[in-house]
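Structure first, commentary second.
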Amino acid sequence: MNFRLILIILIMSLSIVDLVLTGYYINKYKRWQPEKPYKLMELNPVLVFLWTKLGFWIGMFVGSVFILTLNFIVAKYAHWSVAVLVLGVLIFTLFNHVANLTLLFKLIAKYPSGYLPASIFGFVEGNNLRRKK
């Protein structure tokens, strides 16, 4: 195997893992705070646009095809240094997923209703309303 093929395999594998973790995170977050807009949960404008216009599942599928195609083209045809840079960004992204999922699980455990008190968090857009008992 040559260096380019190894880069393609690594980039495509990490891209798939990134998309799966992104889908899991957003799905979990949306079930916890259904009123939260996608733009506050995800930084990728392509995915946010597709989720907003097509819904989560169809938008995730279309976005995955688009992103995986772009990653393959970059990994196969761009200069090797650009492909290595994309690989580094994907590794950094996976570390961020771990941190974000850890924080989300802690928030869900501490505030299972999805209501975040304004006295602690300030105004939070998409915050679940406090239910009267």
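Quick note: the coordinates plus some simple rules give every number you see, no bench work behind them. Treat the numbers as computed from the prediction; the structure is a model and nothing was measured. Ideal geometry is used to build each Cβ from the backbone, glycine not excepted, and the neighbour counts take in all protein chains shown.
If the segment from Lys76 to Phe56 were pulled out straight at 0.36 nm per residue, it would be longer than the present Cα-Cα gap by 4.3 nm. Report note on the peptides 14-23, 72-81: ranked by the mean count of other C-beta atoms within 10 Å, highest first, their order is 14-23, 72-81.
Extending 7 Å from Cα along the Cβ direction at Trp32 and again at Phe95 yields two label points whose distance is 2.2 nm.
Counted by neighbouring Cβ atoms within 10 Å, the residues Thr93, Thr69 run from fewest to most as Thr69, Thr93. Take 43-50, 116-123 and order them by the average number of nearby Cβ atoms within 10 Å per residue, most first; the result is 43-50, 116-123. The slack in the chain from Leu40 to Val124, taken as 0.36 nm per residue of separation less the alpha-carbon distance, amounts to 29.2 nm.
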